[in-house]
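Okay, structure first, notes after.
Derivation of every value follows stated rules applied to the coordinates shown; laboratory data play no part. Remember, it's a predicted structure, so these values are computed and weren't measured experimentally. Note that each Cβ is placed from the backbone with ideal geometry, even for glycine, and that neighbours are counted across all protein chains shown.
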Amino acid sequence: MSPVEFKENTIITVFGASGDLAKKKTFPALFGLFREGHLSSNIKIYGYARSHLSIEDLRTRIKSYLKTPTEESKAKVEPFLQLIEYISGPYDTAEGFVKLNQSILEYESTNNVQQPHRLFYLALPPSVFVDVAKQIKEQVYATNGITRVIVEKPFGHDLDSSRQLQEQLSPLFKEEELFRIDHYLGKEMVKTLLVLRFGNPFLNASWNKEHIQSVQVSFKEPFGTEGRGGYFDNIGIIRDVIQNHLLQVLTLLTLDKPKSYNAEAVRDEKVKLLKSIKPFKFDDILIGQYGKSEDGSKPSYLDDETVNPNSKAITYAAIPLEIDNDTWRGVPIIMRAGKALNDGKVEVRIQYKPVDQNDIFADIPSNELVIRIQPKEAVYIKLNSKQPGLSNSTSLIDLDLTYNSRFGDFWIPEAYESLIRDALKGDHSNFVRDDELDESWKLFTPLLNYLESEEGPAPVVYPYGSRGPEQLPQFLKDHSYVVNKEHIYQWPVTKPQL
Ligand SMILES: NC(=O)C1=CN([C@@H]2O[C@H](COP(=O)(O)OP(=O)(O)OC[C@H]3O[C@@H](n4cnc5c(N)ncnc54)[C@H](OP(=O)(O)O)[C@@H]3O)[C@@H](O)[C@H]2O)C=CC1
Ligand SMILES: O=C1O[C@H](COP(=O)(O)O)[C@@H](O)[C@H](O)[C@H]1O
């Protein structure tokens, strides 16, 4: 039976409404859905936090983050803000939740709601997840309706703490009521991975160890931990981005074909794939921490006053892995992520095996399929072709699907817009299931324990604004990734330079 979609008279409550995530992502995503007609004007949104804010304070905080690409959308800001009410109260005792419940009941009674639909969004630090979850269950759970709870990462710090969190949440909410957000699952290019693979048999036919030489999932950010050092110091780039976002991308990229496109069938295959990843080799990992930029204008990680002055926190990591199944055995795969690099980009690179050296076209570059998740979503395949005109030489060209040239200004929802809409529809496809989470922690916890132990290696220092540790090119080469010399590949080429 398909899940019930929340439409009219839905109640949405954002806990931690005074915070950073709520201001920058949650409320703007709700506005994006409202602006595009995916959120009825007949709903009610509550912001809840401890801070003593007036509703006007909250609206002012949110307003500058709402995106209004057209004149028409500017006119929607005020009606949206009027849907919001603010309630101040503690997280660990009942009084604020009782107030919230009274207000919700009044709204539902005025609107003659028979089956309440309530969505709770926990934009909160994990230290208060369980307190809030208990209060929701005791005070504002829709006993004669449907309750859905969106939880933000981090889902634990390691396998034990993740299981502990799960053990505390599962008596309160059924798995179908919980929506664990990994916002990368809401990104357009991540959502397209299954269609790209299984909707294009010619691509899928080559998506295996017979044809693929190496796979890379890489994340580069051009800024450091500015202002978030205190949070990051205890977390590091592996927990921040790799154990969740990059692993999700990798899983969708490599899973076996699910029985159907249904959420559970897809998540079953994700779990199966995670189980077949071999334990990481501790001595084959590249880790770094950024130092000052070469010109001295940008600070090192340790310059941040909120971090431990002797911190070994990892701001860059390249982690090779191997999938031990018949499709992928032996294919080198790397997940790498870094802060304070020379670029801001997230992409997947699949390099194909070279042309057979006895073939008529030996010495031509290998094919490469690139899926650029951000910025400017694109999929392009590097192909060999004859140089146009009189020449008989080969040249590297591309089949290019760059979204903004192909689809123009078509609305592509942002990750949080897409995921909140999925939660309203009750669609779990793009949320993390409990067993998936468990498998990912099983994989990463031994590595994190090793890296964070006394004998763990010190990260190598790389300059802020660089490509990462200087060992990277050799590291990639050792894992079968070939860097094409720039002069061979021109992209995008409309007029060949002969
Ligand atoms: N910010 C971001 O971009 C991202 C955040 N996240 C995750 O989302 C969640 C919320 O993040 P973010 O908004 O940045 O967090 P904040 O630190 O801004 O916290 C949100 C709100 O929670 C309350 N709060 C903060 N610290 C405590 C505490 N120790 N005890 C009780 N209440 C507290 C505060 O509200 P008040 O005091 O008014 O009650 C605060 O406004 C976190 O789990 C974070 O890891 C995930 C991805 C990105
Ligand atoms: O979860 C996180 O993700 C962001 C990167 O998200 P993006 O959508 O901007 O790519 C990262 O900056 C942050 O450190 C991390 O906590």
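How long are the three semi-axes of the equivalent ellipsoid of the stretch 2-94, in whole Å, if each is the root of 5 times an eigenvalue of the C-alpha gyration tensor, listed from largest down?
Rounded to whole Å, the semi-axes are 22, 18, 11.
Can you tally the net charge around Gly456? Count Lys and Arg as +1, Asp and Glu as -1, for every other residue whose Cβ sits under 13 Å from the Cβ of Gly456.
Details: positive: Lys312; negative: Asp283, Glu452, Glu454, Glu455.
Computed value for this residue: -3.
Rounded to the nearest 500 deg cm²/dmol, what is the calculated helix-only ellipticity per residue at 222 nm for the chain, with -39500 (n - 2.57) per DSSP H run of length n ≥ 4?
-8000 deg cm²/dmol
Which value results when the Cα radius of gyration for the stretch 275-407 is divided by 2.2 N^0.38 Å?
Working it through for the stretch 275-407, the quotient is 1.45.
Sequence-distant or interchain residues sharing an amide H contact under 5 Å with Ala142, placed H: which?
Answer set, sorted by chain and number: Thr147.
Could you give each residue of the stretch 242-249 its phi-based ³J(HN,Hα) in whole Hz, using Karplus coefficients 6.51, -1.76, 1.60 with θ = phi - 60°, and x for Gly or Pro?
Coupling constants for the stretch 242-249: 7, 4, 10, 4, 6, 5, 4, 4 Hz.
Taking amide H atoms as placed 1.01 Å from N in the peptide plane, list the residues 5 or more away in sequence, or in a different chain, whose amide H sits under 5 Å from that of Tyr121.
For Tyr121, the qualifying residues are Thr13, Val14, Phe15, Ile150.
Relative contact order for the stretch 11-152: what percent, with Cα pairs under 8 Å and sequence separation of 6 or more?
30 percent
Please report the Cα spread of the stretch 181-256 along all three principal axes, rounded to whole Å, starting with the longest.
47, 25, 21
Which FRET efficiency value, to the nearest 0.05, do you get for Ser54 and Lys272 by plugging their Cβ-Cβ distance into 1/(1 + (r/R0)^6) with R0 = 51 Å?
So the FRET efficiency works out to roughly 0.50.
Would you kindly calculate the mean projected area, averaged across all directions, of the convex hull enclosing the Cα atoms of the stretch 11-152, in square nanometres?
Result: a mean projected hull area of 8.0 nm².
Divide the volume of the convex hull of the Cα atoms of the stretch 321-394 by its number of residues and quote the answer in cubic angstrom per residue. Spell out each step's value before the answer.
Numbers: hull volume 11.4 nm³, N = 74.
Roughly 154 Å³ of hull volume per residue.
Go through 380-391, 85-96 and give me the packing order, highest mean Cβ count within 10 Å leading. Walk me through the intermediate numbers first.
Numbers: 380-391: 13.2, 85-96: 16.4.
Per-residue mean Cβ counts within 10 Å order the peptides as 85-96, 380-391.
Run the numbers for Ser393 and Ser40: contour at 0.36 nm per residue of separation, minus the present Cα-Cα distance, in nm.
Stretched out fully, the Ser393 to Ser40 stretch lengthens by 121.2 nm.
Output wanted: per-residue J couplings in Hz (rounded whole) for the stretch 336-344, from phi through Karplus 6.51 cos²θ - 1.76 cosθ + 1.60, θ = phi - 60°, x for Gly and Pro.
With coefficients 6.51, -1.76 and 1.60, one gets 9, 8, x, 9, 6, 9, 7, 7, x Hz.
Taking the inverse of the average 1/r across all pairs of different Cα atoms in the chain, what Kirkwood radius in Å do you get?
24.7 Å
Take every Cα pair under 8 Å in the chain that's 6+ residues apart, average their separations, divide by the length, and report that relative contact order as a whole percent.
Averaging sequence separation for qualifying contacts and normalising by length gives 17 percent for the chain.
Summing +1 for each Lys or Arg and -1 for each Asp or Glu, what net charge is found among the other residues whose Cβ lies under 12 Å from the Cβ of Ala337?
Local charge sum for Ala337: +2.
Going down the list Lys137/Lys257; Lys63/Lys339; Lys74/Lys298; Lys278/Lys425; Lys23/Lys99; Lys7/Lys345, which pairs span over 27 Å between their C-alpha atoms?
Values: Lys137/Lys257 37 Å; Lys63/Lys339 29 Å; Lys74/Lys298 37 Å; Lys278/Lys425 36 Å; Lys23/Lys99 23 Å; Lys7/Lys345 36 Å.
The answer is Lys137/Lys257; Lys63/Lys339; Lys74/Lys298; Lys278/Lys425; Lys7/Lys345.
Which part of the stretch 83-113 falls in the paramagnetic zone of Thr143, meaning amide N under 12 Å from the point 7 Å along Cα-to-beta-carbon?
Nothing falls inside the zone, counting backbone N under 12 Å.
Can you compute 3J(HN,Hα) from phi for each residue in the stretch 10-20, using the Karplus curve 6.51 cos²θ - 1.76 cosθ + 1.60 with θ = phi - 60°, rounded to whole Hz and x for Gly and Pro?
6, 10, 10, 10, 9, 7, x, 4, 7, x, 5
Around Lys153, under 12 Å between beta carbons, what's the net of Lys plus Arg minus Asp minus Glu among the other residues?
Once positives and negatives cancel, what remains is -1.
If amide H atoms are built 1.01 Å from N in the plane of the peptide, which residues on other chains or at least 5 residues away come under 5 Å of the amide H of Thr10?
Lys44
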